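Chemist: Have a look at this one.
The values are calculated or read from the model by the stated rules, or taken from the named source; none is laboratory data. Computed from a prediction, not measured in an experiment: that's the story for all the values here. No Cβ is skipped: glycine too gets one built from the backbone with ideal geometry, and neighbour counts run over all protein chains shown.
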Amino acid sequence: MNNPFLRLYRSKIYTALMMLAILLCIGVVGYRLISGYSWVDALYMTVITVTTVGFAEVNPLDTTSKIFTIFLILTSVIIVGYAISIITEYILSKSNIEDIKQRKMQKKIDAMSNHIIICGFGRNGKQAAKKLLAYDKPFVIIERNKEIIEKFHEDDIPFVFGNANEDETLIEAGIKKASTLISALPNDADNLFVVLSARQINKKMHIISRASQETSYNKLKLAGANNVILPDRIGGDHMASLVVIPDLVEFIDNLGIVGERNINVEEVKVEQLYDTKEVKTIRELDLRKKTGCTVIGFKDENGEYLVNPEADTKLVSGSKIIVLGRPEQIEKLNSTYNIA
């Protein structure tokens, strides 16, 4: 953890441990030289003196040895007391800082709306989070593995620790105000339970679920999932496509659909482009001239898709267009029309 307060406490702990080590070395060497003890007896005398356990001396001490022992006891009381106080303070402070960070994170989640909830931060969950980060979409991750949360907590990714099957955990993640839920748990039964719970709490949200078995597809649909993804099927189709139409698949892969921030394809609501009270066509919108982007797809208000729409296609309210362009052209589109 990179918290400056914890780093400070750690440095103090290292200092205290070093002081204890030096004290032990002084004690061993002192008894060896002053009292003539063997190395083992000198170590024994040093340990029982520093820890003040009260065992008997190896041999009766002379005056010089007694004076040295008094010095060792007084010094050890200070150093050991300092070490104990620092270690105790570190443990308590670490616990307090964790609580503060958790409350701060929960406050941030409570302020969110129209965000995405990702259940499970495994292989598929990480890919979903990576894509959402590329598009600057707000999201919350529900994960029950504390080690995973601690590993990625420094990336300022909002996590909720708990089981996504429990309604309380979903509510804590802000499901009542969320727009989408992605259930990426490895077990189909868990995904089914999450979908059922999520649909019961928020009937309007869009739910996407992962499925390992094809037999789970219809069950998840009936439970309320809008989309069900079969990663194994998609992976197999993709590999086969690389054999049948390799150049086309490679071109699609390079569009930035699964890439980093070099986005080449964007989906835009018509309402974001102009006032739909006066219906315009794709030609009248003239995105090619204004931004350099090309309209390659159209989704009407009923959800029907049209590939490579005609220039006379009317952009009615509730419809969307899919545009293709280089990253700088997509950026110009977003800035021109203030698309978040």
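Chemist: When the residues of region 234-258 are narrowed to those that are modelled with pLDDT under 85 and either among the acidic types (Asp, Glu) or assigned by TED's automatic domain parsing to the domain that holds Arg326 (or both), which ends up surrounded by the fewest Cβ atoms within 10 Å (Cβ to Cβ)?
Modeler: Glu250
Chemist: Also: Kindly indicate which of Asn59, Asn3 is at pLDDT below 80, over 30 Å from Ile148 (Cβ atoms) and of a type outside the set (Asp, Glu).
Modeler: Answer to the selection: Asn59.
Chemist: Limited to region 313-327, what total is found for residues that are assigned to a loop (DSSP other than H, G, I, E, B), in contact (Cβ under 8 Å) with a residue 40 or more places away in the chain and either in contact with a strand residue (DSSP E or B) (Cβ under 9 Å, 6 or more places away or on another chain) or among the small types (Gly, Ala, Ser) (or both)? Quick ask: steps written out before the conclusion?
Modeler: Quick first cut of region 313-327, residues assigned to a loop (DSSP other than H, G, I, E, B) only: 313, 316-319, 325-326.
When the remaining residues are screened for being in contact (Cβ under 8 Å) with a residue 40 or more places away in the chain, the result is 316-319, 325-326.
Then keep just the ones that are either in contact with a strand residue (DSSP E or B) (Cβ under 9 Å, 6 or more places away or on another chain) or among the small types (Gly, Ala, Ser) (or both); that gives 317-319, 325.
Adding up the residues that qualify gives 4.
Chemist: Mind listing just one residue for me: the one in region 267-323 that is of a type in the set (Lys, Arg) and under 37 Å from the mean Cα position of the chain (by Cα) and, of those, surrounded by the fewest Cβ atoms within 10 Å (Cβ to Cβ)?
Modeler: Looking at residues that are of a type in the set (Lys, Arg) and under 37 Å from the mean Cα position of the chain (by Cα), I get Lys269.
Chemist: Give region 206-233 a look and list any residue that's more than 13 Å from Asn124 (Cβ to Cβ), surrounded by 15 or more Cβ atoms within 10 Å (Cβ to Cβ) and within 22 Å of the chain's Cα centre (by Cα), or say none.
Modeler: Ile207
Chemist: I'd like the full set of residues that are under 30 Å from the mean Cα position of the chain (by Cα) and among the hydroxyl-bearing types (Ser, Thr, Tyr), limited to region 324-340.
Modeler: Ser335
Chemist: Would region 328-336 turn up any residue that is touching a residue at least 40 places away in the same chain (Cβ under 8 Å) and among the polar types (S, T, N, Q)?
Modeler: Yes - at least one qualifying residue is present in region 328-336.
Chemist: How many residues are touching a residue at least 60 places away in the same chain (Cβ under 8 Å) and part of a helix (DSSP H, G or I) if we restrict to region 269-283?
Modeler: Of the residues in that region, 1 qualify.
Chemist: While we're on this one: So which helices (runs of 4 or more DSSP H) are wholly in region 188-261 and hold at least 3 residues that are in contact with a strand residue (DSSP E or B) (Cβ under 7 Å, 6 or more places away or on another chain)?
Modeler: 188-201, 216-223
Chemist: So Ala340 fits all but one of (1) surrounded by 18 or more Cβ atoms within 10 Å (Cβ to Cβ); (2) at pLDDT below 90; what number is the exception?
Modeler: (1)
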